[in-house]
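Structure first, commentary second.
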Amino acid sequence: MKHVSKIYGSLLAIVMAWLGFACNKNSSSDIDIRDIRLEYGTPWVMFKVKGAVISQENDVPIEGIRAVLKIKYDAEGQFVQGMDTVYTDDKGAFNLKGRGGNKLYIEFTDVDGEKNGLFTDKEIEVDYSGETVTATDDYGHWCIGEAEKDLGTVKMEPKE
């Protein structure tokens, strides 16, 4: 009878291992199921980008320019929905943040009509591949940290 029990136990262990179960007799009393964090996902980085928009014609800051941070996701250049949208202040300054790949894109659009002059839309690429990632706990468990890039001034061309 002991021999049958041993064979049955071995077969049961093989089936459980095949199904993905594991048994560790030494540590089972040390683990509290409430301490196990069940998660899924991929670690990510929060990218921050800042700068100021000025007129190419006279270097005057442009207020009210819409800046949208985006990521391209296919070879045809299609965009996913913008990750962050802001409008430049009276100094032309903008601060955007979002997560994505090493290359993000900012779309600048003049949306206030003739109020501050008319400017041609512009898109620029922001490459983070050489930037340092600083560790932070501000965004939750899966965030590796954040990387910041200052674009300085972005010049927009006036429409004729």
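The values are calculated or read from the model by the stated rules, or taken from the named source; none is laboratory data. Just so it is clear, the model here is predicted, and its values are computed rather than measured. Methodologically, a virtual Cβ is constructed for each residue, glycine included, from the backbone with ideal geometry; neighbour enumeration extends over all protein chains shown.
Among what's in the stretch 125-134 and is exposed (fewer than 12 other Cβ atoms within 10 Å of the Cβ) and not β-branched (Val, Ile, Thr), pick the residue that is farthest from LEU69 (Cα to Cα). Full working, then the answer.
Just the residues of the stretch 125-134 that are exposed (fewer than 12 other Cβ atoms within 10 Å of the Cβ), to begin with: 125, 127, 129-130, 132.
Now drop any that are not not β-branched (Val, Ile, Thr), which leaves 125, 127, 129-130.
Details: GLU125: 10, ASP127: 12, SER129: 17, GLY130: 19 Å.
Once the filter is applied, the top-ranked residue is GLY130.
Which ones in the stretch 7-63 are at pLDDT below 90 and of a type in the set (Gly, Ala, Ser)?
GLY9, SER10, ALA13, ALA17, GLY20, ALA22, SER27, SER28, SER29, GLY41
Taking the options VAL154, VAL111, VAL126, name whichever one is within 20 Å of ILE54 (Cβ to Cβ) and within 14 Å of the chain's Cα centre (by Cα).
Details: VAL154 fails: within 14 Å of the chain's Cα centre (by Cα); VAL111 fails: within 14 Å of the chain's Cα centre (by Cα).
Residue meeting the stated conditions: VAL126.
I'm told GLU63 meets every condition in (1) part of a loop (DSSP other than H, G, I, E, B); (2) more than 17 Å from GLU157 (Cα to Cα); (3) touching a Ser or Thr at 6+ places or on another chain (Cβ under 8 Å) except one. Can you identify the failing condition by its number?
GLU63 satisfies all of (1) part of a loop (DSSP other than H, G, I, E, B); (2) more than 17 Å from GLU157 (Cα to Cα); (3) touching a Ser or Thr at 6+ places or on another chain (Cβ under 8 Å) except (2).
Mind checking which residues of the stretch 104-134 are more than 15 Å from GLU157 (Cα to Cα) and assigned to a strand (DSSP E or B)? Even if it seems obvious, please write down each step before you answer.
Taking the stretch 104-134 and keeping what is more than 15 Å from GLU157 (Cα to Cα), we get 104-106, 112, 115, 125-134.
Correct list: LEU104, TYR105, ILE106, LYS115, GLU125, VAL126, ASP127, THR134.
Spot the failing condition for LYS122; the list is (1) among the charged types (D, E, K, R); (2) surrounded by 16 or more Cβ atoms within 10 Å (Cβ to Cβ); (3) in contact (Cβ under 8 Å) with a residue 60 or more places away in the chain, and only one is missed.
Unmet condition: (3).
Could you list, in sequence order, all residues of the stretch 135-160 that are surrounded by 12 or more Cβ atoms within 10 Å (Cβ to Cβ) and outside any strand (DSSP E or B)?
THR136, TYR139, TRP142, GLU157
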